[in-house]
Amino acid sequence: MKVRNIIAQVREICLDASVNDDQLIRMLSELEARIYRETVSNYENAPAFSPIEDEDSSLMISEEYADVYRYWLLSKIYLNVGDYERYNNFAELYATALDSFRRDHIRQNMPLGTSFKY
């Protein structure tokens, strides 16, 4: 899935968004780095991290879990404009979508081995 697809979907939902595409790309970059650091990199066969550069960049999470990106962006947009009710709603949806992605990722991948010294 491409960055431009997520941005287009968010713009359809939030027509009055006062953020530009560059800001949305920065928000997505922040999220991708966090997901890679906290989840993906902790498992075997993790792909190399590839930061988002522009709207043609591919996203790390499959389309099946694209709600993670949508809800993250929508929560950040509403937080920035001070609409805390919508922010809370989308933040909760984001947390649920992220949890689903993480559980699936954990189920399908082996954790990195740890060497113990006695």
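List of remarks:
- At least 2 residues being under 14 Å from the mean Cα position of the chain (by Cα) and among the small types (Gly, Ala, Ser) is the threshold, and among the helices (runs of 4 or more DSSP H) wholly inside the chain those reaching it are 21-38, 84-108.
- The residues of region 7-16 that are open to solvent by less than 60 Å² (accessible area, probe 1.4 Å) and either small (Gly, Ala, Ser) or under 14 Å from Ala66 (Cβ atoms) (or both), listed by number, are Ile7, Ala8, Gln9, Val10.
- Failed criterion for Arg4 (all others in (1) touching a residue at least 40 places away in the same chain (Cβ under 8 Å); (2) surrounded by 17 or more Cβ atoms within 10 Å (Cβ to Cβ) hold): (2)
- Taking the criterion of being open to solvent by 50 Å² or more (accessible area, probe 1.4 Å) and either touching a His at 6+ places or on another chain (Cβ under 7 Å) or without any contact (Cβ under 8 Å) to a residue 12 or more places away in the chain (or both), the residues of region 17-40 that qualify are Asn20, Asp22, Gln23, Arg26, Glu30, Arg34, Arg37, Glu38.
- Lone qualifier among Glu53, Glu63 - being out of contact with any Asp or Glu (no Cβ under 6 Å at 6 or more places or on another chain), closer than 22 Å to Ser100 by Cβ and open to solvent by 40 Å² or more (accessible area, probe 1.4 Å): Glu63
- Cross-chain or 6+ apart pairs with Cβ under 8 Å, region 77-92 first and open to solvent by 100 Å² or more (accessible area, probe 1.4 Å), then aliphatic (A, V, I, L, M) and part of a helix (DSSP H, G or I): Arg86/Leu74
The values are calculated or read from the model by the stated rules, or taken from the named source; none is laboratory data. Small disclaimer: the values here were computed from a predicted structure and weren't measured. Heads up, the Cβs are rebuilt from the backbone with ideal geometry, glycines too, and the neighbour counts pull from every protein chain shown. The protein model used for the area step is the full one, side chains on, heavy atoms only, and it has no ligands, DNA or RNA in it. Shrake-Rupley method; radii C 1.70, N 1.55, O 1.52, S 1.80 Å.
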